[in-house]
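S.K.: First the structure, which I've put down as structure tokens, then a few questions once you've had a look.
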């Protein structure tokens with residue numbers, strides 16, 4: 001049964017509505033009579049795809065599901081499960097108490113790819129600082145890092161992603177994060193002066209996309225842009241060049257690690273990537289072996305086109321592997337993991 005309520009009713013009676021959802025009903029939230037959101041129980045959603053004989057879920061990963069080359073997921077879409085959702089606790093090891101769910105997130109994946117592609121050593125060194133977003137805020141607002149406020153760091157982080165790599169305007173970002181346009185513009189201007197090679201590369205990518213009506217990435221993926229507007233071509237000229245390579249790096253690690261696990265006849269399995277995160281199902285007795293094989297897979301990234309870039313031996317592809325009894329117990333400060341270790345292409 002589906003219930004439709006307006007936004008005011010949803011805010012006022014949210015707890016009661018959630019109780020009805022948990023009983024199997026579905027709630028649609030409408031604005032001026034038009035549906036804008038849907039509340040449904042994850043359990044009901046996933047149960048449809050669960051293989052009851054083995055209690056496993058096997059989502060479909062689509063290699064060509066996005067134009068940038070990033071993997072998409074469906075049946076069910078595990079990429080849409082919120083980061084802090086308690087629902088992640090149902091994703092546990094096939095090995096029961098003898099198993100672990102492990103996760104590794106690539107550090108600053110798209111920012112580092114942009115640094116490598118642009119050959120900007122200043123940008124590269126900045127990314128290796130203790131807190132890059134705080135560093136940018138410190139330089140922009142002219143104060144020591146220890147005095148940077150959460151709001152200033154948030155502004156810098158928003159510009160680091162949307163306002164530099166992906167062509168977001170100062171006004172657009174300012175509206176989205178609810179700060180003055182001048183504040184965002186100040187960060188963008190500092191970026192242009194500080195990271196000259198990155199800025200030059202971004203502009204050249206935009207111009208090339210408009211001139212040739214296509215993008216060819218480092219790994220050889222091609223995307224045609226004939227049907228797009230001038231401004232869209234400029235934005236996608238950078239977006240695809242970076243996102244596609246970050247995705248291909250993750251895909252390489254998935255394939256390489258899967259092959260190494262089979263080669264060494266281990267029980268542990270690669271599960272699936274979620275954007276820049278990779279999930280593993282590890283038998284406890286094989287943990288140390290899997291860590292070593294994962295390190296090998298990261299080192300072997302340098303055998304791909306990434307290894308031909310000048311800064312590849314200075315700016316690593318890296319991440320922190322964490323493991324626990326379920327997906328909930330990794331990357332979640334409220335539910336600490338059992339252990340962790342650093343993985344890098346340069347170690």
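The values are calculated or read from the model by the stated rules, or taken from the named source; none is laboratory data. Note that the structure is a prediction, hence the values are computed from the model and not measured. Every residue, glycine as well, gets a Cβ built from its backbone with ideal geometry; the counts of neighbours run over all protein chains shown.
S.K.: What do you reckon, is residue 301 buried (at least 18 other Cβ atoms within 10 Å of the Cβ) and under 25 Å from residue 81 (Cβ atoms)?
M.R.: Numbers: buried (at least 18 other Cβ atoms within 10 Å of the Cβ): yes; under 25 Å from residue 81 (Cβ atoms): no.
Taking the combined requirement at face value, the residue does not satisfy it.
S.K.: Please find, among 109, 114, 92, the residue that is crowded, with 20+ Cβ neighbours inside 10 Å, touching a strand residue (DSSP E or B) at 6+ places or on another chain (Cβ under 6 Å) and under 26 Å from residue 278 (Cβ atoms).
M.R.: Values: 109 fails: touching a strand residue (DSSP E or B) at 6+ places or on another chain (Cβ under 6 Å); 114 fails: touching a strand residue (DSSP E or B) at 6+ places or on another chain (Cβ under 6 Å).
92 is the lone residue from the list that is crowded, with 20+ Cβ neighbours inside 10 Å, touching a strand residue (DSSP E or B) at 6+ places or on another chain (Cβ under 6 Å) and under 26 Å from residue 278 (Cβ atoms).
S.K.: Would you confirm whether or not the range 161-169 contains a residue that is at pLDDT below 90, in a loop (DSSP other than H, G, I, E, B) and buried (at least 18 other Cβ atoms within 10 Å of the Cβ)? Break it down into steps so the answer makes sense when it comes.
M.R.: Step one: list which residues in the range 161-169 are at pLDDT below 90, which gives 161-169.
With the extra rule that they be in a loop (DSSP other than H, G, I, E, B), the set shrinks to 166-169.
Still in the running and buried (at least 18 other Cβ atoms within 10 Å of the Cβ): 167-168.
Yes, the conditions are met somewhere in the range 161-169.
S.K.: What number of residues within the range 281-295 are touching a helix residue (DSSP H, G or I) at 6+ places or on another chain (Cβ under 6 Å) and surrounded by fewer than 17 Cβ atoms within 10 Å (Cβ to Cβ)?
M.R.: Total satisfying the criteria: 1.
S.K.: Taking the range 271-295, which residues are outside any loop (DSSP other than H, G, I, E, B) and closer than 18 Å to residue 107 by Cβ? Full working, then the answer.
M.R.: Here is the first cut: in the range 271-295, the ones outside any loop (DSSP other than H, G, I, E, B) are 271-274, 277-295.
Scanning the range 271-295 gives 273, 274, 277, 278, 279, 280, 291, 294, 295.
S.K.: Hey, does the range 73-84 have a residue that's outside any helix (DSSP H, G or I), outside the structural domain of residue 299 (by TED's automatic domain parsing) and at pLDDT below 80?
M.R.: no
S.K.: Going through the range 197-219 one residue at a time, which ones are in a helix (DSSP H, G or I), surrounded by fewer than 17 Cβ atoms within 10 Å (Cβ to Cβ) and under 26 Å from the mean Cα position of the chain (by Cα)?
M.R.: Of everything in the range 197-219, those that are in a helix (DSSP H, G or I), surrounded by fewer than 17 Cβ atoms within 10 Å (Cβ to Cβ) and under 26 Å from the mean Cα position of the chain (by Cα) turn out to be 197, 200, 203, 204.
S.K.: Considering only residues that are under 20 Å from the mean Cα position of the chain (by Cα) and part of a helix (DSSP H, G or I), look in the range 306-341 and name the one that is surrounded by the most Cβ atoms within 10 Å (Cβ to Cβ).
M.R.: 327
S.K.: Against the definition (at pLDDT 80 or above, outside the structural domain of residue 96 (by TED's automatic domain parsing) and either loosely packed, with under 11 Cβ neighbours inside 10 Å or more than 30 Å from residue 243 (Cβ to Cβ) (or both)), how does residue 11 come out, yes or no?
M.R.: On the way: at pLDDT 80 or above: yes; outside the structural domain of residue 96 (by TED's automatic domain parsing): yes; either loosely packed, with under 11 Cβ neighbours inside 10 Å or more than 30 Å from residue 243 (Cβ to Cβ) (or both): yes.
When the stated conditions are applied, residue 11 passes them.
S.K.: Say whether the condition of being under 29 Å from residue 318 (Cβ atoms), under 20 Å from the mean Cα position of the chain (by Cα) and part of a helix (DSSP H, G or I) is met by at least one residue in the range 181-188.
M.R.: no
S.K.: For the range 185-214, which residues satisfy the criterion of being within 19 Å of residue 123 (Cβ to Cβ) and free of Cβ contacts under 8 Å to residues at least 40 places away in the same chain?
M.R.: Within the range 185-214, 188, 189, 192, 193, 199, 203, 204, 205, 206 meet the criteria.
S.K.: Let me ask another. Mind listing just one residue for me: the one in the range 95-105 that is over 20 Å from residue 53 (Cβ atoms) and modelled with pLDDT under 95 and, of those, surrounded by the fewest Cβ atoms within 10 Å (Cβ to Cβ)?
M.R.: Among residues in the range 95-105 that are over 20 Å from residue 53 (Cβ atoms) and modelled with pLDDT under 95, the one surrounded by the fewest Cβ atoms within 10 Å (Cβ to Cβ) is 97.
S.K.: I'm trying to understand the selection: among the residues of the range 102-129, which are in contact with a helix residue (DSSP H, G or I) (Cβ under 9 Å, 6 or more places away or on another chain) and within 26 Å of residue 328 (Cα to Cα)?
M.R.: 102, 103, 104, 106, 107, 108, 109, 110 - these are the residues of the range 102-129 that are in contact with a helix residue (DSSP H, G or I) (Cβ under 9 Å, 6 or more places away or on another chain) and within 26 Å of residue 328 (Cα to Cα).
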